[in-house]
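Quick notes on the structure that follows.
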Amino acid sequence: MKTVTIKISGMHCAACSNGVERSLKKVPGVDRAEVNLATQSALVRYDENQATIEQLEAAVTRMSFGVVHDAPGEESTAEQRAEQDALDLKKRLKVAAFFFVPLLYLAMAPMVPGKFLPVPIDQDQMSDVYAFVQLLLTLPILYAGGPFFKNGIISLKNGVPSMDTLVALGTGAAFIYSSYSTYEVLARINPHAVHSLYFESAGAILTFVLCGKFLELRAKGEAGHAISSLLNLAPKTGFIWKDGGEVEIPREAILTGDIVIVHPGNQVPVDGMITDGHASIDESMLTGESMPVGKSVGENVFAATVVTDGYLRFKAEKVGKDTMLSQIMQMVEAAQGSKAPIAKTADKIAAVFVPIVLVIALVAGLSWWFAGSGSKFAIQVFVAVLVIACPCALGLATPAAIMVAVGKGAEKGVLFKNAEALETAHNVTMAVFDKTGTITKGKPIVTDVIGWNGAKEEAITRLAAAIEQGSAHPLAVAVKERAAGMELPTCTDFRTTVGGGIAARCENTNVRLGNLSFVQPVAMIPPNAIELGEKLASVGKTIVYLTIGRNLCGIFAIADTLKEETQEAMQKLHELNIRTVILTGDNKRAAAYIAQQAGVDEVVAELMPGHKAELIKSFQQGGEIVAMVGDGINDAPALAQADLGIAVGGGTDVAIESAQVVLVNGDIRNISTTLRLSKATIRNVKENLFWAFGYNIIGIPVAAGVLHIFGGPLLDPMIAAAAMSLSSVSVVSNALRLKRFK
């Protein structure tokens, strides 16, 4: 199975996207197809043995929409495509507006008291001139709105009527009726038919719809700003070492294995591993952390990060679409293009919306005609219903909000893999945490050094580090890090006992470092030292004793400590009424102490990874909506079982497949950010759906003349067109409020 994103042009409403989606699903081998109106793209999962990309693109073009192919080496974003479409619309809008102004003047002036026309229109000899001039002024406006007619007719022919169909039928009906009236005037059949012209309505509808689409596309471009912001972060060029000197080449020309040089103040062009130099690097674009990070030989650097000071040479390991920046961009764009479950309701309604509107418009128009209101009145009702019932707002309600929210999350270091995760997060009632590396640093450190029998802390630290010099055990590494920068004595004759400790001869003295059972047979360990060790062990610390000969000279307490942000993260979750639980394979005593320090509600210890998934399932059966927070590797079964899997990690963890949300910088305070952003997004979607549905529920009956039955006004098609355009703009504008989320 392969998943691809197809960029589409020309979609205007929910009916358009639903039609393309149905067309794609009919292609043999397609397992999943999601078409997103806001991003103008389709996310398709298909079997390569049964379907080809050409067949998928043909399914799109068959529905009269275009497929966007990017130039080699270039990647267009939703924002860029929206800008390009907006430029085309702007040209059409200028043409429509230029001819609409005089058209409206000619049509409206006779209704205004005073001499606005050189010759009164009620004079028979001038009525044909005014009718013919209005016809001529309308033709360029029809040309400007040509795509609506083309797409509308094709979509109707394909059995998937869309917004374009409604606009085409509405303006077409008004134009044809007015053209016939003009014929009556010119042929002297009925000179008074000059008062039954609807050219200005057809012109107004097309002009207002073009204006609305232009504003909507500009707003959608702003909504997709996250991808372009990421794209613009990467430098255009980079320096590589070639033929004994530095050569500046385009970023796209850097190949895996090239030696790349970065000077202070410059950006890293691709991902790689440092081979020479040391520098402070601003990685805020990846992690959200404002403080620069020190990097030296053997450590990784990532594209678009900035060397604030120092000098680096590194070997390029990931270039082009393989860089961390590209992975993040792909993840954000895929999430923006996916559909949330809440969108299914709108999609189901949109699928039958246009056909129902066509029936309502026809029934309303015929009803008024049969009631004796005349053809002019019936046409006005028919056109008004078609025009006001545009499903644009309905189709944009959910994807516009999702698009902005996913981009906002990326800015905060929270990557949503799909829209479903964004929606699920607002329902979470329980947050379950792995301990090591999630709420703790995942790296043991020496927390206490206690000298015994007059031994000094520095002396015993140097001695302990010297004994551990050849060991890679995590406890040994912790001791060596404690002695960093100290001059170590020379030791020989190393003897290691698995599960016990290590013995050596240092400065002609037998030295041992290990647990109580390892040192007690050869040295005198006072009862008060054993009691102190047990006290430290009771709070989850590992105790190591250092002996010289038969004498105890030091006690080391080693522990995996809490991350600095853990307590604040738990507090933020409790503010959201989220129940917190630790599931860990560690011993109960250590786990309980960590849980108490962190402020976690509950802890379950001594678990295997598979047992974590079973426990989560039991929580779910008890009615909890569970978010599992882990490293995405050891906790894969639990992350998969949870309603929402959240992976905590640095840059290399971005592509973890088992989680639906990735916290790029590993800061678990962003879990509350994830949940709050989800709540704000769903609230925004519901507001959009309310206005989209409410607008049509109120607008259609008014356009059909329900108020007129009771003596109220009849909705003019021009007003209907303006209101329809503003509804789409208002929905996208409301979604843009999410950009202010903090």
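The values are calculated or read from the model by the stated rules, or taken from the named source; none is laboratory data. Quantities reported herein were computed from a predicted structural model and do not represent experimental measurements. Note that we place each Cβ from the backbone using ideal geometry, even for glycine, and neighbour counts take in every protein chain shown. Heads up: the accessible areas ignore ligands, DNA and RNA and are worked out on the full protein's heavy atoms, side chains in. Shrake-Rupley method; radii C 1.70, N 1.55, O 1.52, S 1.80 Å.
The table below gives the values:
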{"quantity": "Test: residue in the stretch 444-460 that is among the small types (G, A, S) and at positive phi", "calculated": "yes"}
{"quantity": "Test: T398 is open to solvent by less than 10 Å² (accessible area, probe 1.4 Å), closer than 14 Å to V685 by Cβ, part of a helix (DSSP H, G or I) and not aliphatic (A, V, I, L, M)", "calculated": "yes"}
{"quantity": "Test: residue in the stretch 725-738 that is without any contact (Cβ under 8 Å) to a residue 40 or more places away in the chain and surrounded by fewer than 16 Cβ atoms within 10 Å (Cβ to Cβ)", "calculated": "no"}
{"quantity": "Strands (runs of 3 or more DSSP E) completely within the stretch 460-550 that count 1 or more residues being open to solvent by less than 70 Å² (accessible area, probe 1.4 Å) and touching a residue at least 60 places away in the same chain (Cβ under 8 Å)", "calculated": "542-548"}
{"quantity": "Qualifying residue in the stretch 310-326 (condition: out of contact with any Phe, Trp or Tyr (no Cβ under 9 Å at 6 or more places or on another chain), buried (at least 17 other Cβ atoms within 10 Å of the Cβ) and at pLDDT below 80)", "calculated": "yes"}
{"quantity": "Any chance S678 is touching a residue at least 60 places away in the same chain (Cβ under 8 Å) and open to solvent by 40 Å² or more (accessible area, probe 1.4 Å)", "calculated": "no"}
{"quantity": "Selection count, the stretch 460-483, where residues are at pLDDT 90 or above, out of contact with any Gly (no Cβ under 9 Å at 6 or more places or on another chain) and among the small types (G, A, S)", "calculated": "3"}
{"quantity": "Lone unmet requirement of (1) under 30 Å from V449 (Cβ atoms); (2) assigned to a loop (DSSP other than H, G, I, E, B); (3) open to solvent by less than 40 Å² (accessible area, probe 1.4 Å) for I582", "calculated": "(2)"}
{"quantity": "Hits in the stretch 36-58 (condition: hydroxyl-bearing (S, T, Y) and over 26 Å from the mean Cα position of the chain (by Cα))", "calculated": "T52"}
{"quantity": "Answer from P110, P147 - the residue that is in a helix (DSSP H, G or I), at pLDDT below 80 and out of contact with any helix residue (DSSP H, G or I) (no Cβ under 7 Å at 6 or more places or on another chain)", "calculated": "P110"}
{"quantity": "Cβ-Cβ under 9 Å pairs, at least 6 apart or on other chains, the stretch 53-67 side closer than 20 Å to S162 by Cα and among the polar types (S, T, N, Q), far side open to solvent by 40 Å² or more (accessible area, probe 1.4 Å) and assigned to a helix (DSSP H, G or I)", "calculated": "S64/K150; S64/I153; S64/I154; S64/K157"}
{"quantity": "Qualifying positions in the stretch 49-98 - at pLDDT 90 or above and under 22 Å from K236 (Cα atoms)", "calculated": "none"}
{"quantity": "The stretch 588-626, residues that are outside any helix (DSSP H, G or I), within 30 Å of the chain's Cα centre (by Cα) and of a type outside the set (A, V, I, L, M, F, W, C)", "calculated": "G623, E624"}
{"quantity": "Elements of type strands (runs of 3 or more DSSP E) contained in the stretch 223-268, each with 2 or more residues being polar (S, T, N, Q), modelled with pLDDT of 90 or more and exposed (fewer than 15 other Cβ atoms within 10 Å of the Cβ)", "calculated": "none"}
{"quantity": "Residue under evaluation R22, criteria (1) among the charged types (D, E, K, R); (2) at pLDDT 90 or above; (3) under 28 Å from P355 (Cα atoms), criterion not met", "calculated": "(2)"}
{"quantity": "Matching residues, the stretch 13-40, being touching a Leu at 6+ places or on another chain (Cβ under 8 Å), touching a residue at least 40 places away in the same chain (Cβ under 8 Å) and not hydrophobic (A, V, I, L, M, F, W, C)", "calculated": "S17, E34, N36"}
{"quantity": "Unique match (being open to solvent by 40 Å² or more (accessible area, probe 1.4 Å) and modelled with pLDDT under 80) among I719, I709", "calculated": "I719"}
{"quantity": "Hits in the stretch 137-173 - residues which are buried (at least 23 other Cβ atoms within 10 Å of the Cβ), farther than 19 Å from E21 by Cβ and not polar (S, T, N, Q)", "calculated": "I141, A144, G145, F148, L166, V167, A168, L169, G170"}
{"quantity": "Candidate set from the stretch 421-459 (those that are charged (D, E, K, R) and crowded, with 18+ Cβ neighbours inside 10 Å); member that is modelled with the lowest pLDDT", "calculated": "K435"}
{"quantity": "Residue in the stretch 13-35 that is open to solvent by less than 30 Å² (accessible area, probe 1.4 Å), under 17 Å from the mean Cα position of the chain (by Cα) and of a type outside the set (S, T, N, Q) present", "calculated": "yes"}
{"quantity": "Of all residues in the stretch 513-566 being in contact with a Ser or Thr (Cβ under 8 Å, 6 or more places away or on another chain) and of a type in the set (D, E, K, R), the one that is farthest from L463 (Cα to Cα)", "calculated": "K563"}
{"quantity": "Verdict on Q597 being under 30 Å from V519 (Cβ atoms), free of Cβ contacts under 8 Å to residues at least 40 places away in the same chain, crowded, with 16+ Cβ neighbours inside 10 Å and not basic (K, R)", "calculated": "yes"}
{"quantity": "Only listed residue being of a type in the set (G, A, S) and at pLDDT 90 or above, chosen from A592, A557", "calculated": "A557"}
{"quantity": "Leading residue by the ranking (farthest from V160 (Cα to Cα)) among those in the stretch 36-52 that are in a strand (DSSP E or B) and open to solvent by less than 60 Å² (accessible area, probe 1.4 Å)", "calculated": "Y46"}
